[in-house]
């Protein structure tokens with residue numbers, strides 16, 4: 001079930017509203033002296049291909065954006081804790097400036113929901129008089145907000161509010177609560193008063209508990225679908241969020257200071273940037289178009305150039321990944337960004353010459369941009385993750401075919417951009433076919449031959465917020481348990497077969513491993529040493545301005561650097577092969593056991609989607625926008 005759409009013309013907030021609410025908060029921030037901790041939930045059982053490096057080395061855009069918004073609103077006593085780096089973090093032990101924070105926020109996906117709930121439970125152990133206001137956001141609550149509330153009196157725990165939207169919703173919430181907060185009153189106390197007086201009902205994008213009794217929820221109120229910020233230039237500067245990061249550690253609490261600026265890139269060498277949001281395609285397994293209210297939102301090229309420069313100058317971050325749904329979605333918007341960044345490079349701007357970035361796009365739109373790929377490469381685009389899915393078009397048709405995919409790969413490589421295919425395995429796809437290229441291994445072979453250094457293969461799985469989600473459960477496609485083992489959220493990342501009509505689903509599980517092993521193996525490693533796929537134009541190009549000494553003369557060592565770059569470009573393919581084989585050992589260790597369970601059978605299937613066990617209603621008794629059908633009849 002997709003999220004409902006707001007009335008036509010009412011999807012976006014008025015221009016300047018996000019900047020306005022931040023300005024109003026800055027005026028009152030000094031009167032409240034808030035301390036805030038923002039945690040990113042992370043389940044370490046998810047560490048495997050294709051995410052095994054990025055999951056620890058990229059600071060997630062969500063928590064960083066919320067941290068930036070807090071600082072930009074005047075609340076500088078804020079800390080961001082990543083469970084990726086702080087596995088033993090416990091909210092009950094957190095102290096900021098020597099005291100329990102006023103607000104505790106959590107961002108989580110469905111994949112990491114177990115850790116999210118564990119943090120809420122631990123925070124609820126804090127004495128009620130000292131307990132912080134608990135707010136949860138992220139993809140999990142956008143689609144399943146009831147998951148952060150409990151109705152069990154034997155196991156009482158609950159968040160105070162779920163933010164089913166972006167920064168604008170949170171800033172609105174804080175403004176309403178702070179505007180009615182009495183002197184000396186806790187933030188949670190002020191929130192409960194605002195909630196009970198109906199002040200929160202005018203803020204679309206919230207779900208809160210009504211009639212709760214000591215963390216036991218009787219009813220949930222859904223204030224509706226959020227309004228989106230259309231101009232992404234209004235978002236707070238990401239530089240602010242990077243200055244709030246808790247250093248990696250083994251303790252359960254917080255240290256006295258955030259990571260120093262000169263050490264941020266050591267722990268998070270790849271920066272996440274919001275460039276564009278939205279996609280014109282409406283794939284039935286994808287929730288992105290409905291979440292974005294069928295809107296396509298972008299930042300200006302000048303704003304992106306400023307962010308890149310500041311992040312490089314202040315934190316020495318040189319690699320970036322764009323949080324795009326489809327970067328090539330609209331040609332004129334893409335060219336505005338590319339032309340601005342390329343002009344900075346042409347002018348010799350050191351930060352823009354040195355940085356490299358990657359993002360996502362479709363085969364269809366990549367071919368539509370073929371005349372502009374030299375410009376886009378000059379702008380710094382280094383790698384493009386491409387939604388190949390199934391080249392035969394059996395799963396979904398987005399203009400991709402085997403010929404078009406190979407054409408797009410050739411064009412990218414000729415222009416110095418590495419193509420990274422993202423594939424999706426499904427029930428109707430064979431492991432290997434003799435007479436065509438529809439088999440999984442056939443396509444993997446074709447993509448490797450076309451120049452792919454890296455790839456991902458995931459199984460089609462239920463995605464909350466997509467058109468197929470409810471039908472996947474009501475049709476009996478989704479598994480509830482396998483060989484007596486419950487299907488837990490942490491295995492819903494596509495690496496595990498958890499929804500299939502195949503008579504032998506264990507074969508599908510082994511197919512994914514076979515595809516990875518076919519791509520990453522010792523033979524390909526040896527071939528990469530002889531004929532590396534990483535030898536493409538501009539792979540070893542010198543784009544940085546020549547370093548000079550105090551007198552303006554070129555510094556020595558240019559020849560050494562050039563040789564080093566050429567060696568690095570030559571060995572990059574072999575290095576990726578070694579990394580892939582290492583990552584594959586973790587993938588096999590975790591998913592092969594699941595294949596054995598599938599082999600034993602005894603599969604129990606869902607007959608209805610997972611819905612709220614707590615009654616949900618909209619404001620004034622209207623239907624709840626975020627409730628699935630038959631929400632009063634939970635799947636037992």
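Quick note: the coordinates plus some simple rules give every number you see, no bench work behind them. This structure is a prediction, so every number in the text was calculated from the model and none was measured. Please note: Cβ atoms are built from the backbone with ideal geometry, for glycine as well, and neighbour counts cover all protein chains shown.
Numbers for the structure displayed
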| item | result |
| --- | --- |
| Cα-based shape type of the stretch 16-126, given that a ≥ b ≥ c are square roots of the gyration tensor eigenvalues and the cut on a/c is 1.5 | oblate |
| Distance between modelled label sites at residue 182 and residue 343, nm, 7 Å Cα→Cβ extension | 5.7 |
| Global form of the stretch 314-377, assessed from the alpha-carbon gyration tensor, a/c cut-off 1.5 | oblate |
| For the chain, share of DSSP beta bridges that run antiparallel, in % to the nearest 5 | 30 |
| Share, in percent, of DSSP beta bridges within the stretch 269-597 that are antiparallel, nearest 5 | 20 |
| Approximate spin-label separation residue 154-residue 593, in nm, with each point projected 7 Å along Cα-to-Cβ | 2.7 |
| Of all DSSP beta bridges in the stretch 87-196, antiparallel share, percent nearest 5 | 20 |
| Sequence-separation-based contact order of the stretch 204-247, relative, with Cα cut under 8 Å and 6+ spacing, percent | 32 |
| Radius of gyration, Dmax [the stretch 354-489; alpha carbons; angstrom] | 17.3, 55 |
| The chain: relative contact order as a whole-number percent, Cα under 8 Å and 6+ apart | 15 |
| Order of 215, 286, 116 - criterion: other Cβ atoms within 10 Å of each residue's Cβ, fewest first | 286, 215, 116 |
| For the chain: rounded, prolate or oblate by the Cα gyration tensor [a/c cutoff 1.5] | oblate |
| Additional length obtainable on full extension of the chain from residue 23 to residue 250, 0.36 nm per residue less Cα span | 77.9 nm |
| Value of relative contact order over the stretch 269-597, rounded to a whole percent, pairs C-alpha under 8 Å and six or more apart | 14 |
| Virtual spin-label span in nm between residue 262 and residue 526, 7 Å along Cα→Cβ | 4.7 |
| Residue 218-residue 92 FRET efficiency (beta carbon distance; Förster radius 22 Å; 0.05 resolution) | 0.30 |
| Packing-based exposure ordering (other Cβ within 10 Å, fewest first) of 582, 506, 146 | 582, 506, 146 |
| For the chain, calculated [θ]222 nm from helices alone, where every DSSP H run of n ≥ 4 adds -39500 (n - 2.57) | -10500 deg cm²/dmol |
| 299, 330, 14 arranged by Cβ crowding within 10 Å, fewest neighbours leading | 14, 330, 299 |
